[in-house]
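Engineer: My questions will all concern the structure given below.
What follows is calculated from the coordinates using simple rules that are stated; it is not laboratory data. Everything numeric in this text was worked out from a predicted model, so none of it was measured. Don't worry about glycine lacking a Cβ; one is built from the backbone with ideal geometry, like all the others, and counts go over all protein chains shown.
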Amino acid sequence: MNLGFYIILLAQFLSALADNALLFAAIALLQQMSAPDWHEPLLLQFFVISYILLAPFVGSIADAFPKGRVMFVSNGIKFVGSLCMVFGMPPLYAYGIVGIGAAAYSPAKYGILTEYLPPHMLVKANGWMEGSTVMAIILGAIVGGKMAGIDPQMAMIVITVLYLAAAGFNMYIPRLPIDHKLAKRNPAYILKDFWHSFKVLWKDAQGQVSLAVTTLFWGAGATLRLVVLAWAAFALDFGIEHATQLTATVAVGIAVGSVIAARYISLENSVKVLPAGILMGFLVMSMVLINDWRIACVLLFVIGVLSGYFVVPLNALLQHRGHILIGAGHSIAVQNFNENLGILVLSGAYTLMVRADMPINYIVLAFGLFVSLSMSGIYRLYRKQIEA
């Protein structure tokens, strides 16, 4: 790995650190405003709707311009959204603006890896990228939760400065040749091009399995953070500061699982990690039996390890197949569309459960069962494909 890769890594770390601290700061602001409980999961929906609506366009933009510049502009949009929250815009709307920047940032962030590095380095690079992102999640949860618990407004100011720093490092990302540039730039053509990319990736055997798994993983993972916050308040009597530290335990496990996957799983064997996802769902269900924070930490750490172990190789496989078939930016845009649609659906279901006053233990059981059954179905689909 050379200096250019580490600049990309550092820029991503700072941006992800701000993203994750912002979620908990926004939750603290909602609590300070005495907003209804169901507004907290609604934050995710305001954030991810941009990923879904802009998916056809951001991939094309990422492929049509130098990706470092796209990342710079995207961090600028995040900075504006964060600044709006500092100056009093309702958290749901300000977080939605940050979501626009995040939607534009993601295809460039991951797409640049496939252009900058050879295929045999992708799993290792993804391990580094996911590891740094998870470290940002850990620090974002701890620092964001701690600062928000003391002074949400000061937390917002610090987060805004982090976005500014990330944009600064984006300026030093190496310029690369433009890959898969669009023949036309009118919206109708872009939508048609996105639909073509969507179909190509879903019809590819390896793309289909890896896309299904990553869609489920990110939808479940984003919702799980909110579930853990609510469960920790109920089962462990934790406030937001300690509950966010508990979510960081999952992130530590993901980092460890990512390192294990990067070390032992090759791109060719990536689909063999699927059973880890089935086991993860059963471990989530076992949370309802726990009322000791030390046991909870161990369980959530193991859940994190399994998550990182199975998602990193499949993420690398999806990027590799997408880069070959449709271009890096197009591939990541299709991936983001599906993954954030998963987040929207699962967080929406969680929002409805909270609004209906469903007991948190019932939600945990339903959530874990859904993950296990879905992963089992994907695994059976994969087995049929290799036997055909």
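Engineer: Among 78/109; 78/192; 124/199; 67/146; 199/384, which pairs are too far apart, with a Cα-Cα distance over 25 Å?
Structural biologist: With Cα atoms farther than 25 Å apart: 78/192; 124/199; 67/146.
Engineer: Would you work out the relative contact order for the chain, in percent, from Cα pairs under 8 angstrom that are 6 or more residues apart?
Structural biologist: After rounding, I find 28 percent.
Engineer: By a straight-distance test (C-alpha under 16 Å), which aspartates and glutamates pair with residue 272 as possible cross-link partners, with residues fewer than eight away in the same chain excluded?
Structural biologist: Answer for residue 272, where 16 Å is the Cα cut-off: 387, listed by chain and number.
Engineer: Please list 116-123, 277-284 highest first by mean number of surrounding beta-carbon atoms within 10 Å per residue.
Structural biologist: Going by the mean number of other Cβ atoms within 10 Å, highest first, we get 277-284, 116-123.
Engineer: Return an integer: the convex hull volume of the alpha-carbon atoms of segment 80-233, in Å³ per residue.
Structural biologist: Values: hull volume 25.8 nm³, N = 154.
For segment 80-233, the hull spanned by Cα atoms encloses 168 Å³ per residue.
Engineer: Moving to a separate point now. Given DSSP loops and a limit of at most 13 other Cβ atoms within 10 Å, what is the longest stretch of the chain that contains no such trypsin sites (Lys or Arg not before Pro)? Don't skip to the answer; put the middle values down first.
Structural biologist: On the way: sites that count: 175, 181, 184, 185.
Answer from the scan: 186-388.
Engineer: To one decimal place, what orientation-averaged projected area in nm² is obtained for the convex hull of the Cα set of the chain? Can you show the working numbers first?
Structural biologist: Working: hull surface 69.9 nm².
Dividing the Cα hull surface by four gives the mean projection, 17.5 nm².
Engineer: Just the ratio, please: alpha-carbon radius of gyration of segment 32-160 over 2.2 N^0.38 Å, N its number of residues.
Structural biologist: In units of the 2.2 N^0.38 Å rule of thumb, it is 1.17.
Engineer: Another one. Along each of the three principal axes of the Cα atoms of segment 269-366, give the extent in whole Å, ordering the values from largest to smallest.
Structural biologist: 48, 31, 18
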